[in-house]
1. Hey, could you check region 49-61 for residues that are within 13 Å of residue 103 (Cα to Cα) and surrounded by 22 or more Cβ atoms within 10 Å (Cβ to Cβ) and say which is nearest to the chain's Cα centre (by Cα)?
2. So, residue 173, is that one surrounded by 13 or more Cβ atoms within 10 Å (Cβ to Cβ) and assigned to a helix (DSSP H, G or I) or not?
3. Just to be sure, is residue 54 closer than 30 Å to residue 169 by Cα, part of a loop (DSSP other than H, G, I, E, B) and touching a strand residue (DSSP E or B) at 6+ places or on another chain (Cβ under 6 Å)?
4. Can we say residue 88 is assigned by TED's automatic domain parsing to the domain that holds residue 186 and touching a strand residue (DSSP E or B) at 6+ places or on another chain (Cβ under 7 Å)?
5. Among the residues of region 73-91, write down those that are surrounded by fewer than 18 Cβ atoms within 10 Å (Cβ to Cβ) and in contact with a helix residue (DSSP H, G or I) (Cβ under 7 Å, 6 or more places away or on another chain).
6. I'd like the full set of residues that are farther than 21 Å from residue 12 by Cα and buried (at least 18 other Cβ atoms within 10 Å of the Cβ), limited to region 108-135.
7. Which members of region 92-103 meet the condition of being surrounded by fewer than 18 Cβ atoms within 10 Å (Cβ to Cβ) and under 29 Å from residue 234 (Cβ atoms)?
8. For residues that are buried (at least 17 other Cβ atoms within 10 Å of the Cβ) and more than 14 Å from the chain's Cα centre (by Cα), scanning just region 8-27, find the one that is farthest from residue 124 (Cα to Cα).
């Protein structure tokens with residue numbers, strides 16, 4: 001058996017997240033079921049680089065899987081793409097060392113959250129429509145308080161199974177490209193719901209409900225109730241994985 005890394009992207013609109021779950025459609029299930037068909041329906045398990053929630057998209061996602069040696073990985077990806085639904089695309093596949101792990105060997109992850117401020121039927125389900133005027137300068141001042149190594153309990157879903165809520169954020173900024181705004185954040189790890197709670201809190205800064213310096217107080221509180229409501233899932237993308 002050989003270990004392979006497979007790079008994919010997916011539109012998460014119709015999935016209940018990455019992780020396989022009983023009686024729910026997931027990206028992991030689609031990958032495992034279709035890979036299994038290519039190997040005489042033998043059960044195949046894949047390991048993803050992280051877990052995305054229901055409705056969240058992935059521009060870049062890696063998984064690892066142990067398979068019999070494949071002579072032509074390009075042809076294999078072509079066959080797999082033909083079988084997968086249009087919402088999942090396989091970009092590449094390469095053999096790696098047997099110890100390589102898609103999740104544990106990732107050194108950084110980048111997420112983007114997209115919003116659009118002009119009604120656009122072609123952005124439905126892919127970006128959050130926010131018609132209110134926003135102060136992006138204030139939002140970027142607030143975002144600087146996210147940088148560094150600190151406890152993100154206040155911006156995490158409660159009662160998760162992680163051992164620590166300490167994360168190191170290396171980049172957090174609102175950007176504009178072609179008249180479209182997005183929030184980009186890079187960290188060594190992310191907690192469940194962390195990005196959506198962060199964006200929700202920054203949006204309250206943008207509308208004047210909060211002041212930028214409140215971000216430090218919110219983080220120090222170690223209380224999810226101190227932060228704002230999470231934004232909808234459909235604007236969120238896992239954008240880049242670094243190894």
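1. Only one residue tops the list, namely 52.
2. No, not satisfied.
3. No; evaluated as a whole, the condition is false for this residue.
4. It is false that residue 88 is assigned by TED's automatic domain parsing to the domain that holds residue 186 and touching a strand residue (DSSP E or B) at 6+ places or on another chain (Cβ under 7 Å).
5. Listed by number, the residues that qualify are 83, 85, 87, 89.
6. Within region 108-135, 134 is the sole residue that qualifies.
7. If the condition is that a residue be surrounded by fewer than 18 Cβ atoms within 10 Å (Cβ to Cβ) and under 29 Å from residue 234 (Cβ atoms), then 92, 103 are the ones that fit.
8. Looking at the filtered set, the residue picked out is 20.
The values are calculated or read from the model by the stated rules, or taken from the named source; none is laboratory data. It should be emphasised that the depicted structure is a prediction, and the values quoted were computed from it without experimental measurement. For neighbour counting, all protein chains shown are included, and Cβ atoms are generated from backbone atoms with ideal geometry for every residue, glycine included.
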